[in-house]
Amino acid sequence: MTLIAADRDSFVWWGWIADRPDEIWQRTVEHVQMTLVAVAVGLAISSVLALLAVRYRWTYTPITWVGSVLYTIPSLALFAVLIPITGLGFLTAQIALVSYTILVLVRSIVTGIDGVPPDAREAADAMGYSAGRRLLRVELPLAVPAIVTGIRIASVTVVGLVTVTALIGNGGYGAFIDDGLNRRFSTPIVLGATLSVALASLIDVALYALERALTPWRRRAVRSG
Amino acid sequence: MSDHDNTHRPAISLREVVKTFPGAAQPAVSGLSLDVAAGHLVALVGPSGCGKTTTLKMINRLIEPTEGTIEVLGADQRALAAHELRRQIGYVIQQVGLFPHHTIRRNIGAVPELLGWDKHRIAERCAELVELVGLDPDVLGRYPSELSGGQQQRVGVARALAADPPILLMDEPYSAVDPIVRTRLQDELLTLQARVRKTIVFVTHDIDEALKLADRVAVLNVGGVLEQYADPAELLAVPANEFVAEFLGRERGLRRLALVRAADVALVDGPIVERSATAADARAAAAHHGSDWFGVIDTAGALLGWADVAALDGAASVADVDLEAFVATVTPTTPLREVLDVIITSRPRAAAVVDDGRYVGLVTVEQVAGGLQ
């Protein structure tokens with residue numbers, strides 16, 4: 001068997017791929033949408049939980065405990081539980097995807113805020129910053145590197161998991177894989193997996209670039225004298 | 001209320017202030033009363049655990065007192081919201097605490113920005129402050145990590161002064177920089193203070209720093225007990241008790257020398273003759289002062305140099321003698337500590353006091369000792 005061939009018995013049938021630019025585009029849009037919605041909702045929920053944990057430290061342990069439980073539930077098991085309640089479809093898929101981001105995102109936000117130099121925090125207080133202003137102007141900007149690291153991990157994880165949600169009919173690259181498995185046809189499986197890995201890498205690089213753009217102060221060399 | 005009244009009213013007034021931290025058996029500060037006069041620099045010194053930093057932080061309510069009252073600029077500090085009180089009080093800390101993600105310009109402009117100044121006014125003020133603390137205007141566009149420790153500390157002072165607060169609190173601001181930079185920053189603070197006349201409370205564990213910078217020094221003992229509150233000269237001359245004396249150290253006499261100036265001691269004329277004097281006159285002058293050398297001045301009183309009495313052999317007039325340059329000269333404002341150093345390292349074992357080019361008198365070890373009486 002060769003990897004590059006022109007008929008449907010080979011591992012990858014290039015002609016089959018070349019015939020479906022529209023379907024590939026549609027699956028890409030679906031996959032990106034699923035990912036963006038899940039990470040955005042996850043970030044919103046995690047921000048609230050993280051700020052709660054920062055403000056009331058005792059809540060951090062229960063929050064991460066719940067986050068860990070959600071993180072360890074196998075996605076298929078979660079679907080089994082959710083489908084009778086929320087049905088087959090977008091909502092069920094998103095509940096599962098968002099659940100997986102909570103632990104990583106809450107931890108990264110709390111770690112980022114904890115990592116703010118205490119002297120910068122003290123200086124902000126002493127200069128008359130209110131707590132809200134201190135958070136927005138000092139703590140969150142300084143937590144950006146840790147937070148973006150968390151978003152990168154969460155995004156890459158979600159891109160992979162979106163392929164699984166195709167099982168409950170949500171499209172995305174998983175639809176190719178699902179199709180290939182059903183038909184014992186390798187080309188769509190390879191296509192779906194490859195595109196999924198490529199998208200994860202692309203998002204990772206884009207977020208890295210975003211982080212660099214947001215943190216110009218970290219790149220300047222330390223001078224002496 | 002006129003400015004005149006202000007100078008007679010303490011800018012900061014602590015009354016029976018107590019701070020007990022939750023879970024602590026002993027109070028960190030117990031019953032401290034202290035007035036800081038407007039325009040004065042007051043140093044809080046003492047061993048670790050004496051509550052000096054706690055006291056400082058109670059002034060701007062970073063720490064709330066358990067008991068007692070603190071008045072700031074004539075009003076109870078609790079009359080204002082904490083963040084509003086703090087905007088009137090500059091704060092400088094050892095770790096500087098610059099915002100790493102803001103340029104120096106934004107760091108310095110932080111409080112003016114809080115106060116809602118317009119951009120143009122903030123930019124002007126930043127330029128002014130950078131110059132005031134002796135930094136190159138180029139630093140304004142840099143980030144804190146690009147500056148040395150000494151430069152960062154100057155930025156810290158500039159930031160604290162940004163909104164021109166009447167009060168400055170400084171918490172061991174110079175203990176993290178090397179001794180050479182520290183000395184320079186201390187000198188700069190004195191120059192700066194002469195220009196801006198802020199009310200400054202300065203926490204340090206370094207008694208020499210306190211004596212050098214402060215108008216008055218508060219010596220605190222463990223638990224925030226005020227042992228003595230006096231100006232540096234009085235502190236050194238009359239320590240209130242054993243603790244203060246011990247804290248001032250064994251070299252108390254030497255430290256006092258740093259506070260007394262050459263003009264404060266009774267000078268002697270010394271074996272000094274004019275250039276036109278005869279050899280006999282010079283011998284007589286030296287003999288009168290029991291010295292084996294003599295100095296020579298011109299008719300305008302400028303010190304020309306000195307020579308050994310032995311050099312007069314075979315000379316008729318002082319004008320015939322080759323003179324050696326008088327390097328051991330000081331000015332009336334030279335601290336006695338430096339005068340003493342000049343004396344013990346010079347051959348004549350004396351320092352000539354020269355004021356504006358004119359010879360005023362001579363200081364020897366005896367006059368130095370007399371100056372401490």
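The values are calculated or read from the model by the stated rules, or taken from the named source; none is laboratory data. Remember, predicted model here, so these are calculated numbers, not experimental data. Cβ coordinates were reconstructed from backbone atoms using ideal geometry, including for glycine residues, and neighbour counts include every protein chain displayed.
Against the numbered list (1) over 23 Å from A:T64 (Cβ atoms); (2) in a helix (DSSP H, G or I); (3) more than 14 Å from every other protein chain (Cβ to nearest Cβ), A:L88 comes up short only at (2).
Okay, residues lined up against (1) on the phi > 0 side of the Ramachandran plot; (2) aliphatic (A, V, I, L, M); (3) more than 17 Å from the chain's Cα centre (by Cα):
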| site | (1), (2), (3) |
| --- | --- |
| A:L97 | no, yes, no |
| A:Y100 | no, no, no |
| A:L105 | no, yes, no |
| A:V116 | no, yes, yes |
| A:D125 | no, no, yes |
| A:Y129 | no, no, yes |
| A:L135 | no, yes, yes |
| A:V138 | no, yes, yes |
| A:V148 | no, yes, no |
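The set of residues in region B:38-62 being within 18 Å of B:V225 (Cβ to Cβ) and in a loop (DSSP other than H, G, I, E, B) consists of B:G46, B:P47, B:S48, B:G49, B:C50, B:G51. For residues in region A:210-225 being more than 7 Å from chain B (Cβ to nearest Cβ) and not in a loop (DSSP other than H, G, I, E, B), which is modelled with the lowest pLDDT? By that ranking, first place goes to A:R218. With respect to (1) under 15 Å from the mean Cα position of the chain (by Cα); (2) closer than 25 Å to B:E16 by Cα, the lone exception for B:V219 is condition (1). When the test is whether a residue is surrounded by fewer than 13 Cβ atoms within 10 Å (Cβ to Cβ) and among the hydroxyl-bearing types (S, T, Y), A:Y60 does not pass it. Just wondering, is there one or more residues in region B:37-55 that are at the interface with chain A (Cβ under 9 Å from one of its Cβ atoms) and under 23 Å from the mean Cα position of the chain (by Cα)? So far as region B:37-55 goes, no, none of its residues is at the interface with chain A (Cβ under 9 Å from one of its Cβ atoms) and under 23 Å from the mean Cα position of the chain (by Cα). The condition (being basic (K, R) and buried (at least 18 other Cβ atoms within 10 Å of the Cβ)) is satisfied by just one residue among A:R107, A:R133, A:R55: A:R107.
Taking into account only those residues within region B:64-93 that are more than 14 Å from chain A (Cβ to nearest Cβ) and in a strand (DSSP E or B), which is farthest from the chain's Cα centre (by Cα)? Write out each step before concluding.
First pass over region B:64-93, keeping only residues more than 14 Å from chain A (Cβ to nearest Cβ): B:65-71, B:73-76, B:78-79.
In the following step, the residues that additionally are in a strand (DSSP E or B) were identified as B:67-71, B:75-76.
Numbers: B:E67: 33, B:G68: 31, B:T69: 29, B:I70: 26, B:E71: 26, B:A75: 29, B:D76: 30 Å.
Result: B:E67.
Considering B:A37, B:A81, the condition of being within 18 Å of B:V217 (Cβ to Cβ) and either at pLDDT 95 or above or surrounded by fewer than 22 Cβ atoms within 10 Å (Cβ to Cβ) (or both) is satisfied by B:A37 alone.
Of the residues A:Y129, A:Y100, which single one is under 26 Å from A:E211 (Cβ atoms), outside any helix (DSSP H, G or I) and modelled with pLDDT under 95? Just a single option satisfies the conditions, and that option is A:Y129.
A:F176 meets the conditions (1) surrounded by 16 or more Cβ atoms within 10 Å (Cβ to Cβ); (2) touching a Pro at 6+ places or on another chain (Cβ under 8 Å); (3) within 14 Å of another protein chain (Cβ to nearest Cβ) in every case but one. The failed one is (3).
Taken together, A:T165, A:T157 contain a single residue that is away from chain B (no Cβ under 14 Å) and surrounded by fewer than 23 Cβ atoms within 10 Å (Cβ to Cβ), which is A:T157.
With respect to B:E131, is the statement that it is in contact with a helix residue (DSSP H, G or I) (Cβ under 9 Å, 6 or more places away or on another chain), charged (D, E, K, R), more than 21 Å from B:V72 (Cβ to Cβ) and buried (at least 17 other Cβ atoms within 10 Å of the Cβ) true?
No: the conditions fail for B:E131.
Of all residues in region A:178-209, exactly one satisfies the criterion of being among the aliphatic types (A, V, I, L, M), touching a Gly at 6+ places or on another chain (Cβ under 7 Å) and modelled with pLDDT under 95, namely A:I189. Looking at this structure, is B:L185 away from chain A (no Cβ under 14 Å) and more than 13 Å from the chain's Cα centre (by Cα)? Spelling it out, it is not the case that B:L185 is away from chain A (no Cβ under 14 Å) and more than 13 Å from the chain's Cα centre (by Cα). Look at B:V155 and say whether it is in contact (Cβ under 8 Å) with a residue 40 or more places away in the chain, in contact with a strand residue (DSSP E or B) (Cβ under 7 Å, 6 or more places away or on another chain) and not in a loop (DSSP other than H, G, I, E, B). Here the answer is no, as B:V155 does not meet what is asked.
Screening region B:94-140 for residues that are of a type in the set (V, I, T), part of a loop (DSSP other than H, G, I, E, B) and facing chain A (nearest Cβ under 9 Å) and picking the one that is farthest from the chain's Cα centre (by Cα) gives B:T103.
This table checks each residue for (1) closer than 15 Å to A:V29 by Cα; (2) part of a helix (DSSP H, G or I); (3) not small (G, A, S).
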position	(1), (2), (3)
A:T157	no, yes, yes
A:V162	yes, yes, yes
A:L167	no, yes, yes
A:N170	yes, no, yes
A:I177	no, yes, yes
A:N182	no, yes, yes
A:T187	no, yes, yes
A:G192	yes, yes, no
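Among residues of region B:43-63 that are touching a residue at least 60 places away in the same chain (Cβ under 8 Å), those with a Cβ under 9 angstrom from a residue that is of a type in the set (K, R), sequence gap 6+ or separate chain, pair up as B:A43/B:R216; B:L44/B:K52; B:V45/B:K52; B:G46/B:K52; B:G51/B:K19; B:T54/B:K19; B:T55/B:K19; B:N60/B:R86. Filtered by the rule that a residue be surrounded by fewer than 19 Cβ atoms within 10 Å (Cβ to Cβ) and closer than 16 Å to B:S291 by Cα, region B:329-349 gives B:I344, B:S346, B:R347, B:R349.
Conditions tested, residue by residue: (1) among the basic types (K, R); (2) crowded, with 18+ Cβ neighbours inside 10 Å; (3) within 14 Å of chain B (Cβ to nearest Cβ).
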residue: A:V37; (1), (2), (3): no, no, no
residue: A:I73; (1), (2), (3): no, no, no
residue: A:A96; (1), (2), (3): no, yes, no
residue: A:T111; (1), (2), (3): no, no, no
residue: A:D125; (1), (2), (3): no, yes, yes
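The set of residues in region A:127-149 that are polar (S, T, N, Q) and within 9 Å of another protein chain (Cβ to nearest Cβ) contains only A:S130.
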